[in-house]
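Each remark here refers to the structure printed beneath this line.
The values are calculated or read from the model by the stated rules, or taken from the named source; none is laboratory data. Computed from a predicted structure; not experimentally measured. When we count neighbours, we look across all protein chains shown, and the Cβ atoms used for this are built from the backbone with ideal geometry, even at glycine. Calculation scope for accessible area: heavy atoms of the full protein, side chains included, ligands and nucleic acids excluded. Shrake-Rupley method; radii C 1.70, N 1.55, O 1.52, S 1.80 Å.
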Amino acid sequence: MSDTRDDLLKLHDWDELIFGGFYCLHCTPDDAWDYSVAWPCQPLLDAGVTLDDAREIVTQHRDEIEAKHQARAAEIKAKKDEEERKGQQAAEDFNVRYPIGTRVVAYPSCRPEYDAADAARTRLVTTTRTPAWTLGHGAPVVSVHGYAGGISLEHVDLDPNSPLGDGEILAHTLTVDNLTRFDDWLDALGIYAKGYWEDVDGKLAVTGLRIGSGEDRVVAKYGDTIIRRADGSFYVRQAAAS
């Protein structure tokens, strides 16, 4: 194929019509919405480009596109397989090192280095309640007491200074900001909970949370740490007096 013919093929590029066939991008006017010049166009035919040549060019172009798609699909699959492998390995390593009941600090929403305020609102001082496993896309997660779903292992830290003792699974320091969230969690467990009211400067105000009823009832004031035991009972460690 001569240079002149190659140059003409580059100049008279083509595209497919919606309803079949091909048109010349060079010969078809830009504003010709209802008119197109068929490809191979007359200049190409005059240069000796046959219909067989045109079919070969189109076939080669489609093969190149398909090859790119296949390569991209293989690249995506390889990346996904590698992420799944790494996630599975991370879950297995976690389970070997840390049995169910390991004391951890978990951040279901985000880590404090990214959003300290949001992390503080959702932070859990807790223990693991399942082995780690991987989600469908390969992310390793683990379940902890106080949270319904899995939490990314990247959001779970070991807690060597945990306030939890033997038989204790969850510690929750009660504050004004997290009272409603903790109350909702207790309700979901079927545990009676209600705001605890006291006289503050001559006015009734909520100063804590009442958990349970009857003899098992405990009252936590703001700043107190609510401890849940493995048997489902609660008790309160009062905040140190300032």
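Surface composition of region 150-220: carbon plus sulfur atoms contribute 47% of the solvent-accessible area (1.4 Å probe, protein chains only, all chains present).
Assuming R0 = 35 Å, what is the FRET efficiency of TYR35 and HIS69, from their Cβ-Cβ distance, to the nearest 0.05? Display every interim value, and only then the final one.
Numbers: r = 32 Å, r/R0 = 0.92.
Approximately 0.60, to the nearest 0.05.
What area, in nm² and to one decimal, does the C-alpha convex hull of region 1-151 cast on average over all directions? List each step's numbers first, then the result.
Details: hull surface 67.2 nm².
About 16.8 nm², averaged over all directions.
Axis of helix 179-188 versus longest Cα principal axis of the chain: the two differ by about 90°, to the nearest ten degrees. With Cα atoms as the point set, region 1-50 shows a radius of gyration and Dmax of 11.2, 34 Å. Quote the FRET efficiency, to the nearest 0.05, computed for TYR235 versus TYR192 with a Förster distance R0 of 22 Å and r equal to the Cβ-Cβ distance. The calculated FRET efficiency here is 0.90.
Here the simple spin-label model places points 7 Å from the Cα toward Cβ, and for VAL218 and GLU82 these points are separated by 4.9 nm.
Counting only heavy atoms of the protein chains and using a 1.4 Å probe, SER162 has close to 20 Å² of accessible surface.
Over region 34-105, what per residue volume does the convex hull of the Cα atoms give, in whole Å³?
Working: hull volume 12.5 nm³, N = 72.
Hull volume normalised by residue count: 173 Å³.
The largest-to-smallest principal axis extents of the Cα set in region 76-194 are 52, 30, 29 Å. Relative to the longest principal axis of the Cα atoms of the chain, the long axis of helix 51-97 makes an angle of roughly 20 degrees.
For the chain, what is the relative contact order in percent, using Cα pairs closer than 8 Å and at least 6 residues apart in sequence? Averaging sequence separation for qualifying contacts and normalising by length gives 11 percent for the chain.
Put a plus charge on the Cβ of each Lys and Arg, a minus charge on the Cβ of each Asp and Glu, and nothing anywhere else: the dipole of the chain about its Cα centre is then about 1820 debye. Ranking ILE100, ALA74, CYS41 by how far each Cα lies toward the positive end of the dipole of region 36-122 (charges on Cβ) leaves ILE100 at the top.
Per residue, the chain exposes 64 Å² of accessible surface when a 1.4 Å probe is rolled over the protein heavy atoms with every protein chain present.
Cβ distances below 4.7 Å define possible disulfide partners, and in the chain the cysteines left without one are CYS110.
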